[in-house]
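The values are calculated or read from the model by the stated rules, or taken from the named source; none is laboratory data. Only a predicted model underlies this, so the values are computations on that prediction, with no experimental measurement involved. In this analysis, Cβ positions are derived from the backbone assuming ideal geometry, glycine residues included, and neighbour counts consider all displayed protein chains.
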């Protein structure tokens, strides 16, 4: 269960505090009265203990208020499938998963920052279909085109260099795989967003540029890393640092951002190149540049939403309040002279 307005649940803490204060006040009153009169006479006067009826009414009132607070927090669970009509373009996001993306010149790592940047992008999209291509020395479609951004986030979280036996940065294969997925997209603009450190490619940039231009697809690229570079950490169990990756001579490998080919790939296909910066403002720039591109109208067959369940708490709350209002008042027992 999740809540649409979870901050309203703080009201439960306030309600519990009021209940404790009232209980403490009643106990203090009983102690003061006990010092003034003996318990037997106090009971006869009806001033020491609250009658059971009044205690039950107080309990009912507090339960009804607690249910009202939960209802105001908008509890939600379950799934509801709808058909909606959306206007959008098709966007394939290519994420570099080579081992150099584990470098930590971008915190916590290049790959982690790339994932975070894509999440920020997904939060800005409305109606656009998104797919994910993972690549290193090879490439494959990790998530087909979808408007279910929650599913796209789940596939994004799974990206890891361990998925690839062949390392390197084959930009051409990444673009070719993305173009193949976009061919099923139909009308509307087709766009590729590629996030990579640009290092270690195999000379496939020309092939990637030719393929994208031939398909009329714009490519936006984001350089992940810094010119100064960083070593590639080797981590063991519990993410403990065990050392750094070394070359055959035993020297620590330093991986750097190589932006030249990334910039050329973007500019020659009509896109733009950005370098990753704190806060990922470049994702806003990508969305802004895509704003004027043609969008197609399509029907999304499945949109999953949590159903509102506040009424399951609101109805019993009102029932208890009505019960409290209709509860007959007990007669106060008069003391004997």
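Structural remarks
- Hey, residue 118 touching a strand residue (DSSP E or B) at 6+ places or on another chain (Cβ under 8 Å) and farther than 19 Å from residue 188 by Cα or not: yes
- Condition check for residue 41: under 55 Å from the mean Cα position of the chain (by Cα), in a helix (DSSP H, G or I) and at pLDDT below 80: no
- Checked against the criterion of being in a strand (DSSP E or B), more than 29 Å from residue 254 (Cβ to Cβ) and either in contact (Cβ under 8 Å) with a residue 24 or more places away in the chain or in the same structural domain as residue 233 (by TED's automatic domain parsing) (or both), the candidates 150, 131 yield just one match: 131.
- Just one of the listed residues (179, 141, 122, 159) is part of a helix (DSSP H, G or I), farther than 15 Å from residue 215 by Cβ, in contact (Cβ under 8 Å) with a residue 24 or more places away in the chain and touching a helix residue (DSSP H, G or I) at 6+ places or on another chain (Cβ under 9 Å), and it is 122.
- Evaluated against (1) under 18 Å from residue 103 (Cα atoms); (2) surrounded by 13 or more Cβ atoms within 10 Å (Cβ to Cβ), residue 272 falls short on exactly one condition, (1).
- Subset of the stretch 128-138 (residues that are more than 15 Å from residue 111 (Cβ to Cβ) and in contact with a helix residue (DSSP H, G or I) (Cβ under 7 Å, 6 or more places away or on another chain)): 130, 131, 138
- Flag for residue 141 being farther than 23 Å from residue 236 by Cα, touching a strand residue (DSSP E or B) at 6+ places or on another chain (Cβ under 9 Å) and assigned by TED's automatic domain parsing to the domain that holds residue 236: yes
- In this structure, residue 111 does not satisfy being closer than 22 Å to residue 278 by Cα and either out of contact with any helix residue (DSSP H, G or I) (no Cβ under 9 Å at 6 or more places or on another chain) or assigned to a loop (DSSP other than H, G, I, E, B) (or both).
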